[in-house]
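Below is one structure, written out as structure tokens, with a few remarks after it.
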Amino acid sequence: MRRLGWSAAAAAIIVALAAWAVAGPNVPERELSGLTGDVDRGAYVARLAGCVACHTDVRGGGAVLAGGPEIETAFGSFYAPNITPHPQDGIGSWTLDDFARALTAGKSPDDRHYYPSFPYAFYTELADQDIVDLWAALRSLPPVEGGPPDHRLRFPFSFRPALGAWKRMALQPGELGPVDGRTDSWTRGRYLARGPAHCGACHTPRNILGVRQTGRRYAGGAGGAGGAGGAGGGGEVAPPITPDALTDGGWTQASLAFALRTGVLPDGDVFGGSMAEVVREATQYWSDADLSAIAEYIMDSETGR
């Protein structure tokens, strides 16, 4: 009987640990009810966050934000969903709270974990007003019927509940705090790079589980769709963008901001691969102030912190 008792206790502990892992980290709900969204500013936030590039099948002639092309990774193929306000195929039945929870906690309205091909590990740091503005912009779009196919993943990566354990390792929820002694521009650049622009999705190395090694932030990693999806693979390597690496490569704050606007590098060459897409669908639309801010931060970033 004593042996049975110990076995039952051990089983109960295992079940409790499994439930704890599957649930994922506790991400506080955002209190957004007192904020009013601005459609035009939300459209700009969509460009900051790269929404158009992932959620639009440009080559396939798809409607804007009605679902993206295949994202190939080491774990299988992902497809960014339709995020127009279509009530069945898009997010037309969502509430603002549903939307905020998806961005900051990586959870669907029915409490399922999203795969990290959706870079919520970065969007969890979005400012409240940016979330509300982005929501207003998406709600203003015409609803589009249809969308991409379901993800095609290999086992065990197709076992969605296991994402709760991954999130406990990879998700650090909450807005970025201030840093003493830094300019407002540097602080804005830090927010852009570590939040909406999710630079570390490609440019920070990951371990075998796809968790970013933040102690080596911007030291280079898997680029392309795989890196942007947070899963590695994709066949493209993202170079290091630490201050030392960029300085050694002949970059300056001004040339970095110029490249993000035009795609033209300091040596006269141009970006290729996924960075060309980043410029085409995102950074060319940024304000001069934001380009200068992210360049200031990247050229003087918190490597190792």
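Does segment 207-219 include one or more residues that are modelled with pLDDT of 95 or more, on the phi < 0 side of the Ramachandran plot, in a helix (DSSP H, G or I) and not basic (Lys, Arg)?
Scanning segment 207-219, I find no residue that is modelled with pLDDT of 95 or more, on the phi < 0 side of the Ramachandran plot, in a helix (DSSP H, G or I) and not basic (Lys, Arg), so the answer is no.
Return the only residue of ALA105, ALA53, ALA66 being in contact with a helix residue (DSSP H, G or I) (Cβ under 6 Å, 6 or more places away or on another chain) and in contact (Cβ under 8 Å) with a residue 60 or more places away in the chain.
Within the list ALA105, ALA53, ALA66, the selection yields ALA53.
Restricting to segment 131-148, count the residues that are under 30 Å from LEU209 (Cα atoms) and either touching a Lys or Arg at 6+ places or on another chain (Cβ under 7 Å) or acidic (Asp, Glu) (or both).
Of the residues in that region, 1 qualify.
Could we say that GLU72 is out of contact with any Lys or Arg (no Cβ under 7 Å at 6 or more places or on another chain), within 30 Å of ASN207 (Cα to Cα) and modelled with pLDDT under 95 here?
The answer is yes for GLU72.
Taking the condition under 30 Å from ARG190 (Cα atoms) and either out of contact with any Phe, Trp or Tyr (no Cβ under 7 Å at 6 or more places or on another chain) or not in a helix (DSSP H, G or I) (or both), does PHE99 pass? Reasoning before the result, please.
On the way: under 30 Å from ARG190 (Cα atoms): yes; either out of contact with any Phe, Trp or Tyr (no Cβ under 7 Å at 6 or more places or on another chain) or not in a helix (DSSP H, G or I) (or both): no.
When the stated conditions are applied, PHE99 does not pass them.
For the condition at pLDDT below 95, among the basic types (Lys, Arg) and surrounded by fewer than 21 Cβ atoms within 10 Å (Cβ to Cβ), what is the one hit in ARG261, ARG280?
Within the list ARG261, ARG280, the selection yields ARG280.
The values are calculated or read from the model by the stated rules, or taken from the named source; none is laboratory data. Note that this is a predicted model, so its numbers are computed, not measured. In this analysis, Cβ positions are derived from the backbone assuming ideal geometry, glycine residues included, and neighbour counts consider all displayed protein chains.
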